[in-house]
Amino acid sequence: MSEFLLPSLGADMESARVVEWLVAEGDRVSSGDLVAVLETDKGAIDVEIFQNGVIAQLVAPLDVELPVGAVLALVDTGAHEPAASPVAAAVEAAPAAPPAQTSAAVPDTTTRSAPAAADAGTAMASSAVRASPLARRLAAEQGIDLAALRGSGPGGAVIAADLAARGGAARAARRGFDATAMRRAIGAAMSRSKREIPHYYLSRQVCLAPALRWLEEANAARGVADRLLPAVLLLRASALALAAFPQFNGHYEDERFTPAPEVNLGWAIALRGGGLVAPAIRAAHERDLDALMAALRDLVKRARGGGLRASELTSATVTVTSLGERGAEAVWPVIHPPQVAMLGFGAVLTRPWVTAGRIAALPVVTLSLAADHRVSDGHAGSLLLEDIATRLAEPERL
Amino acid sequence: MAETLTYREACRAAIREAIEADPRVFLMGEDVGRYGGCYAVTKGLAEELGEARIRDTPLSESAFVGAGIGAALAGMRPIVEVMTVNFSLLALDQIVNNAATLAHMSGGQFAVPLVIRMATGAGKQLAAQHSHSLEGWYAHVPGLRILAPATVEDARYMLAAALADPNPVLLFEHVMLYNASGELDPAVTTVDIAQAKTRRPGRDVTLVTYGGSLPKTLAAAEQLAADGIEAEVIDLRVLRPLDLATLAASVARTHRCVIVDEGWKTGSLSAEIAASLVETVFFELDAPIARVCAAEVPIPYAAHLEQAALPQPATIVAAARDLVRPAS
């Protein structure tokens with residue numbers, strides 16, 4: 001029996017309330033499945049479980065403030081490991097056993113192989129599950145395993161109501177966005193950052209004329225719904241540069257810096273009513289411009305409307321903040337622990353710029369870096385900024 | 001000021017208006033003139049409009065339907081009244097092999113702008129040979145448009161649209177509807193003969209029906225509402241071509257469907273609708289499609305047996321409830 005504990009979702013999160021269970025006792029879960037909704041200082045966050053197994057018991061009461069680390073649920077990860085060889089499990093689970101096996105062996109194989117069958121291949125299991133076409137479609141869309149559901153339709157068939165019933169049973173009233181609580185949480189994190197992290201700052205002005213010109217052409221070829229925002233170019237250039245400079249991408253904990261294998265780029269999103277979250281875009285360095293644009297749109301929507309996942313709040317390895325059109329000329333960021341750097345982009349302003357020996361009025365942005373002096377120094381920081389500037393000067397290669 | 005009249009009176013008014021408006025229009029059939037019509041639809045019209053426009057025919061469906069086809073080919077706009085769909089079997093060859101095909105077989109050189117009105121359905125203890133609902137059979141035949149007015153408004157205005165159609169139209173009037181009365185909306189002066197109509201909106205289950213089964217289906221919807229189930233009732237109005245778009249849109253919202261059809265279940269119009277819905281909205285279905293049809297027996301004479309053999313509000317309610325709250 002394994003315990004599912006209340007995770008910490010940020011540098012200074014101390015407690016949270018479970019407001020809704022998305023699974024019921026007896027449900028099978030896989031690593032990455034959403035299992036509960038937590039109410040935190042950052043609003044309602046969907047929490048994933050990172051174990052495989054069956055929910056044995058939902059321990060945490062709803063709507064009660066619990067400390068980080070409290071046991072939320074007990075998970076039966078099973079004496080039987082998920083089949084190492086899907087082929088072996090599938091063979092073991094074959095219900096249409098040849099007649100030779102229909103002796104006393106059959107009852108044993110069917111009971112023992114049932115969990116293995118469900119693990120080994122949802123394709124195999126779901127073809128044996130009686131479910132309405134609508135339930136099947138909804139389950140596929142939501143990534144729910146039909147075999148894990150109890151059916152209330154004719155002959156025990158799973159119908160759409162059974163998918164909704166999974167989460168509906170346990171639900172508490174949501175408090176909604178609490179600006180004061182969020183401000184307090186941000187305050188605690190920022191104070192800790194300034195106390196513990198020796199910041200150093202560098203900045204560089206970048207002419208965005210080639211990038212914006214390229215963007216205009218690229219957008220002309222795209223439908224309105226697919227248009228790229230300038231922010232995506234900044235994101236992509238930053239992600240690629242950070243992949244090349246590992247001392248700015250990772251976590252500093254217990255007096256040790258661990259560089260991260262991927263650039264999980266936190267993007268600072270201002271919330272209406274005050275407040276800030278910086279959920280991560282996973283493996284940002286591997287996503288092309290369109291993928292980044294889609295990820296950005298999705299994150300902003302969920303940050304403002306609910307539905308951010310716990311893993312998105314905790315997995316950022318570096319953060320980028322862009323002040324946008326009405327922002328100041330430059331931003332001097334405060335690093336979000338346990339990260340070791342934060343990049344900032346000020347407002348894009350038209351400024352005099354020297355190009356080809358002449359002065360012209362061109363769009364210019366001030367790119368700034370705040371970095372942890374325990375991990376990196378100004379020389380590396382300068383090279384990082386120059387790398388970003390170079391990439392932005394050649395937008396077609398982004 | 002909304003006019004209240006019976007379905008029968010609406011049919012009569014439609015015939016009168018059509019004959020008065022167009023010199024090519026006339027009506028012929030058995031006992032339509034002096035007798036005033038077997039169901040009194042044409043009562044008084046022969047006196048009013050003259051025997052040249054309301055013509056009594058010999059007792060031979062094949063002959064007078066054929067004559068109607070001939071008149072239509074020659075440029076008239078005849079309304080042929082076949083007393084009931086049961087007797088139309090004697091004119092099946094004329095309808096299916098002549099009326100429905102001449103436009104095609106002549107490469108478009110000939111058109112058959114013929115309207116055939118027929119009474120249909122059971123409920124008057126007319127027993128096995130006189131209680132058929134064969135609209136579904138006719139809906140099987142390309143070249144025919146099949147109409148089933150179920151409301152006073154449709155009875156009043158579908159005829160004009162049918163006469164305007166350059167191809168053969170069969171118009172079925174359910175015998176149990178003739179005495180039904182309803183209000184005519186003065187703002188409505190024409191209706192289409194292409195679309196189904198949602199008679200009652202709902203969100204839990206779609207009830208599809210036509211003709212004489214509409215009042216029963218609406219009654220069933222009221223009973224279901226009392227039980228917390230909101231049923232959407234759709235009146236097909238046109239049985240060929242079927243307005244599948246309206247049906248599919250409704251089932252896509254409710255995810256459940258019951259089809260109420262007074263014909264026998266086997267090989268019926270309800271089977272065609274179910275198959276078409278599976279083809280179009282399979283991935284929206286949360287339950288099998290249910291059908292409430294006549295029992296697989298020749299329609300009985302005895303009143304209690306006849307009622308037991310036909311769709312009733314209770315059986316429609318049971319079918320709908322089974323879909324919404326399945327007993328596992």
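The values are calculated or read from the model by the stated rules, or taken from the named source; none is laboratory data. Every value quoted in this text rests on a predicted model; they were computed, and no experiment measured them. Quick reminder, even Gly has a Cβ in these numbers, built from the backbone with ideal geometry, and neighbours come from all protein chains shown.
Confirm whether B:Ala319 is within 14 Å of chain A (Cβ to nearest Cβ), in contact (Cβ under 8 Å) with a residue 40 or more places away in the chain, closer than 30 Å to B:Gln125 by Cα and out of contact with any His (no Cβ under 6 Å at 6 or more places or on another chain). It is true that B:Ala319 is within 14 Å of chain A (Cβ to nearest Cβ), in contact (Cβ under 8 Å) with a residue 40 or more places away in the chain, closer than 30 Å to B:Gln125 by Cα and out of contact with any His (no Cβ under 6 Å at 6 or more places or on another chain).
Checked against (1) in contact with a Pro (Cβ under 6 Å, 6 or more places away or on another chain); (2) at positive phi, A:Tyr252 passes all but condition (2).
Scan segment A:262-270 and tell me whether some residue there is within 19 Å of the chain's Cα centre (by Cα), more than 17 Å from A:Val340 (Cα to Cα) and surrounded by fewer than 16 Cβ atoms within 10 Å (Cβ to Cβ).
Yes, segment A:262-270 contains at least one residue that is within 19 Å of the chain's Cα centre (by Cα), more than 17 Å from A:Val340 (Cα to Cα) and surrounded by fewer than 16 Cβ atoms within 10 Å (Cβ to Cβ).
Looking at the structure I just gave you, is A:Val354 farther than 24 Å from A:Tyr252 by Cβ and either at pLDDT below 90 or not in a loop (DSSP other than H, G, I, E, B) (or both)? In short, yes. You will find that of B:Leu247, B:Leu207, the residue that is surrounded by 17 or more Cβ atoms within 10 Å (Cβ to Cβ), assigned to a strand (DSSP E or B) and either charged (D, E, K, R) or at pLDDT 95 or above (or both) is B:Leu207 and no other.
Conditions tested, residue by residue: (1) crowded, with 17+ Cβ neighbours inside 10 Å; (2) at pLDDT below 95.
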site: A:Met182; (1), (2): yes, yes
site: A:Gly187; (1), (2): no, yes
site: A:Ser193; (1), (2): yes, yes
site: A:Tyr201; (1), (2): no, no
site: A:Glu217; (1), (2): no, yes
site: A:Ala221; (1), (2): no, yes
site: A:Ala225; (1), (2): no, yes
site: A:Leu228; (1), (2): yes, yes
site: A:Leu233; (1), (2): yes, yes
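The set of residues in segment A:125-156 that are in contact with a Leu (Cβ under 8 Å, 6 or more places away or on another chain), more than 10 Å from every other protein chain (Cβ to nearest Cβ) and modelled with pLDDT of 80 or more comprises A:Val129, A:Ala139, A:Gln142, A:Ile144, A:Leu149.
In segment A:61-76, the residue that is nearest to A:Met13 (Cα to Cα) out of those that are in a loop (DSSP other than H, G, I, E, B) and not β-branched (Val, Ile, Thr) is A:Gly69. When segment A:157-171 is filtered for residues that are within 14 Å of another protein chain (Cβ to nearest Cβ) and at pLDDT below 85, the ones remaining, listed by number, are A:Ala164, A:Ala165. Restricting segment A:240-297 to residues that are touching a strand residue (DSSP E or B) at 6+ places or on another chain (Cβ under 6 Å) and assigned to a loop (DSSP other than H, G, I, E, B), the residue that is farthest from A:Gly324 (Cα to Cα) is A:Ala260. For segment B:276-285, the criterion of being of a type in the set (S, T, N, Q) and either under 18 Å from B:Ala148 (Cα atoms) or under 17 Å from the mean Cα position of the chain (by Cα) (or both) is met by none of the residues. What pairs come out if I take residues in segment B:229-250 that are under 17 Å from B:Asp192 (Cα atoms) and pair them with residues that are of a type in the set (S, T, N, Q) and surrounded by fewer than 22 Cβ atoms within 10 Å (Cβ to Cβ) whose C-beta lies under 6 Å away, six or more apart or interchain? Sorted first by the residue in segment B:229-250, then by its partner, the pairs are B:Ile234/B:Thr198; B:Asp243/B:Gln195; B:Leu244/B:Ser276. Only one of the listed residues (A:Val318, A:Val354) is surrounded by 19 or more Cβ atoms within 10 Å (Cβ to Cβ) and not aromatic (Phe, Trp, Tyr). That residue is A:Val318.
Of all residues in segment B:246-303 being hydroxyl-bearing (Ser, Thr, Tyr) and away from every other protein chain (no Cβ under 14 Å), which is nearest to B:Thr217 (Cα to Cα)? Once the filter is applied, the top-ranked residue is B:Ser270. The residues of segment A:270-296 that are without any contact (Cβ under 8 Å) to a residue 60 or more places away in the chain and either of a type in the set (Asp, Glu) or within 21 Å of A:Phe248 (Cβ to Cβ) (or both), listed by number, are A:Ala278, A:Pro279, A:Ala280, A:Ile281, A:Arg282, A:Ala283, A:Ala284, A:His285, A:Glu286, A:Arg287, A:Asp288, A:Ala295.
Taking the conditions (1) over 18 Å from A:Leu233 (Cβ atoms); (2) surrounded by fewer than 20 Cβ atoms within 10 Å (Cβ to Cβ); (3) modelled with pLDDT under 95 in turn, A:Ser382 satisfies each one other than (3).
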